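The values are calculated or read from the model by the stated rules, or taken from the named source; none is laboratory data. Computed from a prediction, not measured in an experiment: that's the story for all the values here. Virtual Cβ from ideal backbone geometry, glycine too; neighbours counted across all protein chains shown.
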Amino acid sequence: MAIISTAGLARTFRTKRGPVEAVRGIDLTVAPGEILGFLGPNGAGKTTTLRMLTTLLPPTGGAATVAGCDLVRDPAGVREKCGYVAQSGGVDPNISVREELVTQGRLYRLTKAQAAARAEELASELGLDGLLDRKCAALSGGQRRRLDIAMALTHRPALLFLDEPTTGLDPAGRADLWDLVRSLRDRHGTTVFLTTHYLDEADALADRLVVVDHGTVVAQGTPAALKERYAGSATASLQETFLAITGRGPAPVDTTPVAV
Amino acid sequence: MLLHDTAIVFGRYARQTLSSKFQILFGLLMPLLYLFFFGPLLTGLPLGSEGSSWQVLVPGLLLQLGLFGASFCGFGIIVEKTYGVVDRMRVTPVSRLALLLGRVLRDALLFAFQSVLLVLAALVMGLRAPLAGIVVGFLFVGVLSMSLASLSYALGMKANTPAEFGPVINALTMPAMLLSGLMLPMALAPGWLDVLSHFVPLRYLVDAVRAAYVGDFASTQMLYGTLAALALSAVSVTIGTRLFARSGA
């Protein structure tokens, strides 16, 4: 059974200039344990789709089931089973790592003792040992990203949404994060729904890619199958494939370092 | 569950506030300046109200503290949005109401605490008022703070930058301050201004606290003030929660 299943999922924004269809109808399924790369040019509807799937934005059309819960009728159920890491992160730089992790545990209804223990456990698992009593502002970009992911894993979600997780990281930090994502899937069976502007990242990490443009899915398949079909060879670059599918390059990479 | 969730959100923000003495004390600056440098000018003047000039001025300063402090709370949530903290909390199972109430309760408690410090300073300056009246004043500051902070957070969720948010708040708070008789009672105003001020809910709260400060607890001012405070808080928290939950910001 799919962990994400959407049918005609849509979102129209009302603006002064009239309605804007940011997402016209997304149909996709994601299997448990899959790493799915969700790609598209700027304005394709990636972020809006992600915000709908994480319950941050109610859809205006279509239907979706996420982690066994109806997105519209049971958003609380979706929240209990999913983790989300936003591109901007999710921690206050002026608060300690421990305070943020413990509060996050409490928000997921752990007792004080359970939340404190889970904070220690996550710090150890994600290589944040010894940093628990530092302010978040004192962490490096890579450590900060690991903390963001630790926060999203507090309640051991079956499904993790990552929005541009390596933006602003140096190559070593990116490679480190790729290993982490793979190990989450391999060790815990976590399903990962990943948006990224880095095509090499999508190529290296994702089992399957979904390409969206103008608010709909325009292509999907394994990286090799997409290359074969759209660029004529399984050894073509994903850049060529992406260009062939959308007629445009991926959105420019924002290299702004993660705020510290 | 709502109480549990609210307590957790409140705890996080209360600990954050306690770690910043600057935040605790800075909000007191403006009312203290009025108390020290404006209050003495009123001594002995006919203010069209019962009691001493301090019994007229201090209730106004208390509500001024709530008005300006709480109205600007939304700045904090704009900053939190840029850090991603708001979205992080909104994808947890915690109710939207708890996310708002936890913050708002922290603010109400902070402004109530600042009010205590302000009254202590006023006692040194010469204020004399019944203890029950002083306590009633703190309650009104708490309710006003909760109401305005709820609206401010809701507006902060809608605004993208502090530059969008600040002018709107200024445009709302300045007329509210001038038309509610915070500094001087509206009894001194010409008829048209007095009539106009009755359309500002804050005026009823100011009149009620002034009545409490002279021990007039069974007055119509007290009744209208209580009703206005309850209505204001019900409407504000309802609007605040709806906007807070709906906002896709």
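Tabulated values for the structure
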item: Residue identified as surrounded by fewer than 19 Cβ atoms within 10 Å (Cβ to Cβ), under 15 Å from the mean Cα position of the chain (by Cα) and of a type in the set (S, T, N, Q) among B:Thr226, B:Thr161; result: B:Thr226
item: Matching option when the condition is part of a helix (DSSP H, G or I), of a type in the set (D, E, K, R) and either within 22 Å of the chain's Cα centre (by Cα) or surrounded by 20 or more Cβ atoms within 10 Å (Cβ to Cβ) (or both), among A:Glu100, A:Glu121; result: A:Glu100
item: Test result for B:Leu139, free of Cβ contacts under 8 Å to residues at least 12 places away in the same chain, within 16 Å of the chain's Cα centre (by Cα) and more than 30 Å from A:Leu57 (Cα to Cα); result: yes
item: Residue check, B:Leu178 surrounded by fewer than 17 Cβ atoms within 10 Å (Cβ to Cβ) and either in contact with a Ser or Thr (Cβ under 7 Å, 6 or more places away or on another chain) or not β-branched (Val, Ile, Thr) (or both); result: yes
item: Which listed residue is touching a residue at least 12 places away in the same chain (Cβ under 8 Å), within 14 Å of B:Cys73 (Cα to Cα) and aromatic (Phe, Trp, Tyr), from B:Phe217, B:Phe165; result: B:Phe165
item: Subset of region A:92-106 [of a type in the set (A, V, I, L, M) and modelled with pLDDT of 95 or more]; result: A:Val97, A:Leu101, A:Val102
item: Subset of region A:143-177 [within 15 Å of the chain's Cα centre (by Cα), part of a loop (DSSP other than H, G, I, E, B) and more than 27 Å from A:Glu240 (Cβ to Cβ)]; result: A:Leu153, A:Pro157, A:Ala158
item: Subset of region A:141-171 (residues that are among the hydrophobic types (A, V, I, L, M, F, W, C) and within 14 Å of chain B (Cβ to nearest Cβ)); result: A:Leu147, A:Ile149, A:Ala150, A:Met151, A:Ala152, A:Leu153, A:Leu159, A:Leu160, A:Phe161, A:Leu162
item: Test: residue in region A:178-193 that is closer than 18 Å to A:Asp92 by Cα and in a strand (DSSP E or B); result: no
item: Positions within region B:58-88 being buried (at least 22 other Cβ atoms within 10 Å of the Cβ), touching a helix residue (DSSP H, G or I) at 6+ places or on another chain (Cβ under 6 Å) and within 14 Å of chain A (Cβ to nearest Cβ), in sequence order; result: B:Ile77, B:Ile78, B:Val86
item: Selection count, region B:14-32, where residues are assigned to a helix (DSSP H, G or I) and within 18 Å of the chain's Cα centre (by Cα); result: 10
item: A:Val91 part of a helix (DSSP H, G or I) and under 30 Å from B:Thr17 (Cα atoms); result: no
item: Subset of region A:91-140 (residues that are within 14 Å of another protein chain (Cβ to nearest Cβ) and at positive phi); result: A:Arg109
item: Verdict on B:Gln55 being out of contact with any Pro (no Cβ under 6 Å at 6 or more places or on another chain) and either within 14 Å of another protein chain (Cβ to nearest Cβ) or not in a helix (DSSP H, G or I) (or both); result: no
item: Scan of region B:10-37 for residues that are surrounded by 14 or more Cβ atoms within 10 Å (Cβ to Cβ), of a type outside the set (A, V, I, L, M) and away from chain A (no Cβ under 14 Å), ordered by number; result: B:Gly27, B:Pro31, B:Tyr34
item: Residue list for region A:50-69, restricted to those being in contact with a strand residue (DSSP E or B) (Cβ under 6 Å, 6 or more places away or on another chain) and either away from chain B (no Cβ under 13 Å) or among the aromatic types (Phe, Trp, Tyr) (or both); result: A:Gly61, A:Gly62, A:Ala63, A:Ala64, A:Thr65
item: Those residues of region B:89-105 which are without any contact (Cβ under 8 Å) to a residue 24 or more places away in the chain and either in a helix (DSSP H, G or I) or more than 12 Å from every other protein chain (Cβ to nearest Cβ) (or both), in sequence order; result: B:Arg90
item: Scan of region B:75-120 for residues that are under 30 Å from B:Tyr213 (Cα atoms) and either acidic (Asp, Glu) or more than 19 Å from the chain's Cα centre (by Cα) (or both), ordered by number; result: B:Asp107
item: Selection count, region A:70-82, where residues are more than 8 Å from every other protein chain (Cβ to nearest Cβ) and not in a helix (DSSP H, G or I); result: 5
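For every residue, the table says whether it meets (1) part of a helix (DSSP H, G or I); (2) at pLDDT below 90; (3) touching a Leu at 6+ places or on another chain (Cβ under 7 Å).
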site: B:Ala112; (1), (2), (3): yes, yes, no
site: B:Leu118; (1), (2), (3): yes, no, yes
site: B:Leu148; (1), (2), (3): yes, no, yes
site: B:Met157; (1), (2), (3): yes, yes, yes
